[in-house]
Amino acid sequence: MKKYTLISCLIFVSLVTFAQTEKVITDRPGKTLSPITVPKKWIQFESELSKQKDKLKEIGITDIYFRHPSLLTKFGLGKRLELRLITELATLKVKYTFDPPYIRTGIKTVQLGGKLNFLKEKGIRPEVSLIAHYDFHRLRTIYAGKDTLDGGNFRLAMQHTLSEKVEVGYNIGMEWEYFRYFKTAYTYTLSPKFTINEKWLAYIELFGYIWKKEKPENSIDAGFAYFINDNFKLDASAGFGINKKAPDNFFSIGASFRFKTNRSN
């Protein structure tokens, strides 16, 4: 018991102190990933609870997808390199017009990857990072069948600072649901962010997925974040699809915090 109390106290002290560092920078809310890496020897957690709904009228089905939670864990390996682990526990609910609903809960995502920052912002040149993950589909339990093929994804994350109050982030990348089938989705995001004051920021975002010989999926969302202190942030966001293939609506709430793993410089 004393051991867990000591660990809790150390985490609390880490969240309240270390004021000499800049505010925690996260990959949420929204889909636009930041090119900024976690400071060396810091660990950061970004958690989310969310709901997504998509009504398919032509076949009489409504898909409802809950994340409870999704967790991104990041660790700073160096000044420009971070290790990343994404885990997601989810519930899929399929509602039929005339039949009972299908409900299944389980592990939806286990991804391991990293972020490498290779360009700092200078003049008109944006800050740029490469972010990549390997998706272990074999570990998924939310679907009835057993996956035998894995997937992956990568993005180039970029950011321009327009003023002290405004910055624009944007991503381009590719995703593979299954490597062997090579069904590639091209991804994009565009998100201006606005600093309201020392505690509040807001954003609006356009994002989507594009496949060969298929209609794209485009959505828009907006949200805000509140800094409890430099190491602890809360956020909320909501959005909707702007074409037929995209989900009807979605919303999420999240909490992110970080702490240093040792006291030495």
query = How much length, in nm to one decimal, is gained on full extension between L77 and K212, taken as 0.36 nm per residue of separation minus their Cα-Cα distance?
reply = 44.9 nm
message = Could you tell me the calculated FRET efficiency between I196 and L149, based on Cβ-Cβ distance and R0 = 41 angstrom, to the nearest 0.05?
response = 0.35
ask   = How much mean residue ellipticity at 222 nm does the chain get from its helices, if each DSSP H run of length 4 or more adds -39500 (n - 2.57) and you divide by all residues, to the nearest 500 deg cm²/dmol?
value = -2000 deg cm²/dmol
request  = Find how many whole Å separate the alpha carbon centroid of region 168-186 from the alpha carbon centroid of region 48-69.
outcome  = 22
query = Quick one, which of (1) 60, 43, 31; (2) 60, 53, 36; (3) 50, 50, 41 is the actual Cα extents along the principal axes in Å calculated for this model?
reply = (2)
remark   = Loop-resident chymotrypsin sites (Phe, Trp or Tyr not before Pro) in region 121-210 with no more than 14 other Cβ atoms inside 10 Å, DSSP not H/G/I/E/B, are Y143, F179, Y181, F182
inquiry  = Taking the number of other C-beta atoms within 10 Å as the exposure measure, put D54, D235 in order starting with the fewest.
reply    = D54, D235
message = As a quick test, which of the pairs K74/K260; K55/K212; K93/K146; K233/K260 have an alpha carbon distance above 22 angstrom in this structure?
response = K55/K212
inquiry  = Out of all DSSP beta bridges in the chain, what portion is antiparallel? Express it as a percent rounded to 5.
reply    = 100
key: Where a label projected 7 Å from the Cα of K57 along Cα→Cβ would reach, residues of region 238-263 with amide N under 20 Å   = 240-250
ask   = Where does helix 2-16 land angle-wise versus the long Cα axis of the chain, in degrees 0 to 90, nearest 10?
value = 80
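Computed from the coordinates by the stated procedures, all read-outs in this text should not be read as laboratory data. Note that the structure is predicted; figures quoted are calculated from it, not measured. Note that each Cβ is placed from the backbone with ideal geometry, even for glycine, and that neighbours are counted across all protein chains shown.
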